[in-house]
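I have placed the structure first, in the form of structure tokens, so that the comments after it can refer back to it.
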Amino acid sequence: MEWGIWAIITVVLAILEVVTVDFTFIMIAGGALAATGVSALGGGMIWQIITFAIVTILLLFFIRPLVRRHLHDSSTGESNVYAMAGREAITLTAVDRNSGRVKVGGEVWSAKTFGATIPADEKVIIQAVEGAQVVIVPKPAHNQYQTYNQY
């Protein structure tokens with residue numbers, strides 16, 4: 001029956017982790033889960049507590065920092081909508097200083113431009129995101145006959 005108590009402790013700690021999202025309670029829950037296994041295999045209370053303590057300490061001091069570093073890695077640059085700057089889009093309607101619509105990937109966004117009005121069906125580059133609206137600029141034309149000096 002001790003395994004049932006450890007199982008309840010595991011579930012309660014997992015629920016607390018959902019509320020806090022700090023990866024502390026889930027590591028302690030891992031220790032409780034290990035103790036549940038020891039109890040289910042017939043290990044005595046001393047072995048259950050030792051297993052709980054060792055697994056919890058290992059998870060808290062070795063696994064938790066790795067998980068937090070991986071999930072909070074800011075070295076990969078911008079994320080979410082702010083990573084849209086520099087992406088290509090196509091105008092669905094004419095876009096002026098106040099309004100317009102563009103398609104970015106499979107999503108339709110409200111758009112505006114600080115320059116001249118951009119007609120529909122033009123390729124543009126997203127310059128910035130301001131709230132729920134993207135700021136766009138015309139995509140520079142690519143000259144396929146451009147020559148290069150070779151020395």
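Carbon and sulfur together cover what percent of the accessible area of the chain at a 1.4 Å probe radius?
Working: 6620 of 10400 Å².
The computed percentage sits at 64.
For the range 13-68 and the range 109-132, write down the distance between their C-alpha centroids in whole Å.
With the range 13-68 and the range 109-132 each reduced to a Cα centre, they are spaced 51 Å.
Considering only protein heavy atoms, with the full assembly of protein chains and a 1.4 angstrom probe, order Thr51, Thr113 by accessible area, largest first. Mind dumping the intermediate values first?
Working: Thr51 30, Thr113 5 Å².
The ordering from most to least exposed comes out as Thr51, Thr113.
Starting from 0.36 nm per residue, how many nanometres of slack lie between Met45 and Phe62 once their C-alpha separation is accounted for? Provide the component values of the computation, followed by the final result.
Details: separation 17, 0.36 × 17 = 6.12 nm, distance 2.54 nm.
Difference between extended and current length: 3.6 nm.
Could you rank Leu59, Leu16 by how accessible they are, 1.4 Å probe, largest area first?
Values: Leu59 40, Leu16 70 Å².
These residues rank, largest area first, as Leu16, Leu59.
For the chain, give me the percentage of DSSP beta bridges that are antiparallel, rounded to the nearest 5 percent. Write down the numbers at each step before the final one.
On the way: 16 of 19 bridges.
Antiparallel: roughly 85 percent of the beta bridges in the chain.
If you take the charge dipole of the chain about its Cα centre, with +1 on Lys and Arg Cβ and -1 on Asp and Glu Cβ, which of Ala83, Trp3, Ile54 is farthest toward its positive end?
The residue sitting most towards the positive pole is Ala83.
Please compute the per residue accessible area over the range 1-118 with all protein chains in place, 1.4 Å probe, rounded to a whole number of Å².
Details: 7610 Å² over 118 residues.
Per residue, the range 1-118 has an accessible area of 64 Å².
Based on DSSP H runs of at least 4 residues, each adding -39500 (n - 2.57), what is the mean residue ellipticity at 222 nm of the chain after dividing by all its residues, to the nearest 500 deg cm²/dmol?
On the way: 4 runs with 57 residues, N = 151.
Estimated from H runs of four or more residues: -12000 deg cm²/dmol.
Quick one: length gained pulling Val18 to Gln133 fully straight, 0.36 nm per residue minus the C-alpha distance?
Working: separation 115, 0.36 × 115 = 41.40 nm, distance 3.23 nm.
Roughly 38.2 nm would be gained on extension.
The values are calculated or read from the model by the stated rules, or taken from the named source; none is laboratory data. Source: prediction; values computed, not measured. Methodologically, a virtual Cβ is constructed for each residue, glycine included, from the backbone with ideal geometry; neighbour enumeration extends over all protein chains shown. The protein model used for the area step is the full one, side chains on, heavy atoms only, and it has no ligands, DNA or RNA in it. Shrake-Rupley method; radii C 1.70, N 1.55, O 1.52, S 1.80 Å.
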